[in-house]
Amino acid sequence: MTRLSVNINKIATLRNSRGGNNPDLVQVAKDCERFGAQGITVHPRPDERHIRYADVFDLKKNVTTEFNIEGNCQEQKFIDLVLANKPEQVTLVPDVLGQITSNHGWDTITNQEYLKYMIAVFKNAGIRVSIFVDPIAEMVEAAATTGTDRIELYTEAYAHNYQANREAAIEPYVQAAEVAQKAGLGINAGHDLDLQNLKYFAQNIPGLAEVSIGHALISDALYYGLENTIQMYLRQLAV
């Protein structure tokens, strides 16, 4: 079954809006695990507008499932943070400074040599590496020669087009996943996956190992409660 990693950035955003430590980010992470999540994801950014760098150290001491740190490896501060904490997985995302949210994958052809170098840095530290890619066969093929362990398919386009034509929306992702499987890459996915579109995605993407979901899951938790919401997402993945 595909694993669910809960991105807790939005919990940090809520905490930061008032100062103090309510909600308690570490306790939320523990509760997510207790409620069935198989991983915790954070995406610290240089301005620390949600996840603070200090949070990562606190979470590393407490997370007992898979800890996944996402971020831009073009920032030395991020590289140092990951190497200091040695999570089970680092996901490399080509963000730019001040970006609200991730909105594209790596150009694995243009950035081939850079990615080879950076991926080796993390793998030499014993950290599994995943890189954020668009569902383009050529980019997946080039990802396979960087040394990465996995790719994370950027699913915003799928989510955006799901209601209009889900078959057409998912087709590029199926093709990309098939290329990844042939190349021996693990497959993760994330961005705008929710209770409406997640099951169909999981049913149709071969070899899907993990999804990372934050905004939609935390938004749903406002209505359904965190424990119930995590269980609802897990049921979507039980295909």
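The values are calculated or read from the model by the stated rules, or taken from the named source; none is laboratory data. Not measured: the values here are computed from a predicted model. Glycine also receives a Cβ, built like all others from the backbone with ideal geometry; neighbour counts cover every protein chain displayed. Heavy atoms of the whole protein, side chains included, go into the accessibility calculation; ligands, DNA and RNA do not. Shrake-Rupley method; radii C 1.70, N 1.55, O 1.52, S 1.80 Å.
The lone criterion from (1) part of a helix (DSSP H, G or I); (2) more than 26 Å from CYS32 (Cα to Cα); (3) open to solvent by 20 Å² or more (accessible area, probe 1.4 Å) left unmet by TYR223 is number (2). Kindly evaluate LYS123 against the criterion of being open to solvent by 60 Å² or more (accessible area, probe 1.4 Å), among the charged types (D, E, K, R) and either closer than 27 Å to THR65 by Cβ or modelled with pLDDT under 95 (or both). Yes: the conditions hold for LYS123. Of all residues in segment 75-114, those that are over 17 Å from ALA143 (Cα atoms) and either at pLDDT below 90 or not aromatic (Phe, Trp, Tyr) (or both) total 22. The residues of segment 178-201 that are within 21 Å of ASN7 (Cβ to Cβ), open to solvent by less than 60 Å² (accessible area, probe 1.4 Å) and assigned to a helix (DSSP H, G or I), listed by number, are LEU198, TYR200, PHE201.
Before we move on, is GLY105 crowded, with 16+ Cβ neighbours inside 10 Å and closer than 23 Å to LEU25 by Cβ? No, not satisfied.
Taken over segment 181-233, residues that are of a type in the set (A, V, I, L, M, F, W, C) and more than 19 Å from VAL42 (Cα to Cα) amount to 10. Among the residues that make up segment 230-238, is at least one of them free of Cβ contacts under 8 Å to residues at least 40 places away in the same chain and surrounded by fewer than 20 Cβ atoms within 10 Å (Cβ to Cβ)? Yes; the residues of segment 230-238 include at least one that is free of Cβ contacts under 8 Å to residues at least 40 places away in the same chain and surrounded by fewer than 20 Cβ atoms within 10 Å (Cβ to Cβ). In a residue-by-residue description of segment 13-33, the property of being closer than 22 Å to ASP220 by Cβ, touching a Leu at 6+ places or on another chain (Cβ under 7 Å) and not in a helix (DSSP H, G or I) applies to at least one position.
Would you confirm whether or not segment 134-153 contains a residue that is open to solvent by 20 Å² or more (accessible area, probe 1.4 Å) and of a type in the set (Ser, Thr, Tyr)? Yes, that holds for at least one residue.
Among helices (runs of 4 or more DSSP H) entirely within segment 83-174, having at least 2 residues that are in contact (Cβ under 8 Å) with a residue 24 or more places away in the chain and within 30 Å of GLN203 (Cα to Cα) singles out 137-143, 156-161.
Would segment 21-34 turn up any residue that is open to solvent by less than 10 Å² (accessible area, probe 1.4 Å), under 24 Å from ARG235 (Cβ atoms) and either without any contact (Cβ under 8 Å) to a residue 40 or more places away in the chain or of a type in the set (A, V, I, L, M) (or both)? There is at least one residue in segment 21-34 that is open to solvent by less than 10 Å² (accessible area, probe 1.4 Å), under 24 Å from ARG235 (Cβ atoms) and either without any contact (Cβ under 8 Å) to a residue 40 or more places away in the chain or of a type in the set (A, V, I, L, M) (or both). Considered as a group, the residues in segment 51-84 that are acidic (Asp, Glu) and within 18 Å of VAL6 (Cα to Cα) include one that is farthest from the chain's Cα centre (by Cα), and that residue is ASP58.
Among the residues examined, LYS77 qualifies as open to solvent by 80 Å² or more (accessible area, probe 1.4 Å) and either touching a residue at least 60 places away in the same chain (Cβ under 8 Å) or farther than 21 Å from SER212 by Cα (or both).
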